[in-house]
Amino acid sequence: MSINTKKVKKNAWRITKKRGKTALRIRVPGGHLNVKHFDLLKEIANRYGNGTVHITSRQGFEIPQIDFENMQEINNIIAPYITEIEVLHGVEIDTPLEGYPAAGTRNISACIGNRVCPFANYDTTAFAYEIEKTAFPNDYHVKIALTGCPNDCIKAHLQDIGIIGQVDRQYDEYRCISCNACVKNCKRRVTGALSMVNYKIKLDKTRCIGCGECIMKCPTNAWHRNPQNFFRVVVMGRTGKKNPRLAATFLEWVDKETIIKVIKNLYIYIDKFIDKDSPDGKEHVGYIVDRTGYQVFKEYVLKDITLPPQAKVADKLEFSGYYYEKNNLMS
Ligand code: SF4
Ligand code: SF4
Ligand code: SF4
């Protein structure tokens, strides 16, 4: 069977190492799924694949060993899934019967968030769905992940855009019994942003990363949460064969609306500056920023955005990472 590999890949089917066989990728925004959908995965894997399903590193599913000739039939089968998971959440997909319309922007992944984890500062999956509407479908190769707190279990620091929950912790000194539990914990496990002065807590805002652990440690509820959600946004992290590196903080103490606008602007920036000759039209945004410089990136992605008053923007980004061909210290 002759196939158009470019179209197939765009359609979220994989070119695999076995001739004639493909694998179907299923998006799971935010990495959280109603188990009723497992029946669909099982049916496709049993009927068309080899009875196995791979959980991808981006929290989607990949069903291997499917014959190319079955692709359209399977696209029909997954149409109700695409409708329920994507279209009904506001993602613009004209024809779910033709499968996924793009595979460039990868599944938006997320840690378990506050549906389960006590450290989490927000509902990561719910926010992933909001971002999905902005980021998908899109052919540009962008990786986005959300993590509920600075523990960063999802590895937001290895993404093009990593979103980390922050909490604005508020202190009621009349409830404080000066037990020092929050001070000791912040010093030992976090950034040492707290100290005790005259039996009251002093907060160094420049060191506080908004993890919220002080709130959890306090026996008297002297620390409590501002119910508004805030986020740190880290950008241009990546793995890969050239120059792997950790993302750097771009924004702090921003709200959801700002992040959605930043992501929209990011695609405009990529469209303008991507190397048109990049292999398969894929270029990590960090490499584009290496060419344009951070200030151009900043200007584009913050265009027409009024930042909330508490927001902070990085003046410059410090990147390190390493180049395989330059920094090979092996003897
Ligand atoms: S990153 Fe934080 S919120 Fe998410 S699972 Fe880890 S500890 Fe919990
Ligand atoms: S939110 Fe985290 S970093 Fe800030 S004071 Fe509390 S424990 Fe320390
Ligand atoms: S844990 Fe609570 S009560 Fe103890 S020092 Fe901190 S704010 Fe005060």
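Key figures for this structure:
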{"read-out": "Cα long-axis angle, helix 124-135 against the chain (0 to 90 degrees, to the nearest 10)", "value": "50 degrees"}
{"read-out": "Residue with peak Gaussian network fluctuation, the chain [Cα springs, cutoff 10 Å], from Thr95, Thr206, Thr52", "value": "Thr206"}
{"read-out": "Exposure of Ser320 as accessible area (Å², to 10), given a probe of 1.4 Å and all protein chains", "value": "90 Å²"}
{"read-out": "In nm, spacing of pseudo-spin labels at Val87 and Asn221 (7 Å Cα→C-beta vector)", "value": "4.7 nm"}
{"read-out": "Apportionment of accessible area to carbon and sulfur, the stretch 214-289, percent (1.4 Å)", "value": "52 percent"}
{"read-out": "Candidate lysines - alpha carbon under 30 Å from Lys326, same-chain residues fewer than 8 apart omitted", "value": "Lys143, Lys155, Lys241, Lys242, Lys272, Lys276, Lys282, Lys298, Lys316"}
{"read-out": "Angle in degrees between helix 38-47 and the longest Cα principal axis of the chain, rounded to the nearest 10", "value": "30 degrees"}
{"read-out": "Neighbour count of at most 15 Cβ within 10 Å plus DSSP loop: longest GluC sites (Glu not before Pro)-free window in the chain", "value": "93-317"}
{"read-out": "Interchain or long-range residues, amide H under 5 Å from Glu283's placed H", "value": "His141"}
{"read-out": "In the stretch 33-77, the chymotrypsin sites (Phe, Trp or Tyr not before Pro) that fall in loop regions by DSSP, at most 10 other Cβ within 10 Å", "value": "none"}
{"read-out": "Exposed-loop-free span, longest in the chain, where trypsin sites (Lys or Arg not before Pro) count as exposed if DSSP calls them loop and at most 16 other C-beta atoms lie within 10 Å", "value": "20-204"}
{"read-out": "Cβ-defined net charge surrounding Gln59, 14 Å radius [Lys, Arg +1; Asp, Glu -1]", "value": "+4"}
{"read-out": "For the chain, accessible area per residue (1.4 Å probe, heavy atoms of protein chains only), Å²", "value": "52 Å²"}
{"read-out": "Efficiency of FRET from Cβ geometry, Asp67 and Lys6, R₀ 22 Å, rounded to 0.05", "value": "0.70"}
{"read-out": "Acute angle (nearest 10 degrees) that the helix 256-273 long axis makes with the longest principal axis of the chain, alpha-carbon atoms", "value": "50 degrees"}
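The values are calculated or read from the model by the stated rules, or taken from the named source; none is laboratory data. What you see is a predicted model; the values in this text were computed from it and never measured. For neighbour counting, all protein chains shown are included, and Cβ atoms are generated from backbone atoms with ideal geometry for every residue, glycine included. We work out accessible area using only protein heavy atoms, side chains counted, and drop any ligands, DNA or RNA first. Shrake-Rupley method; radii C 1.70, N 1.55, O 1.52, S 1.80 Å.
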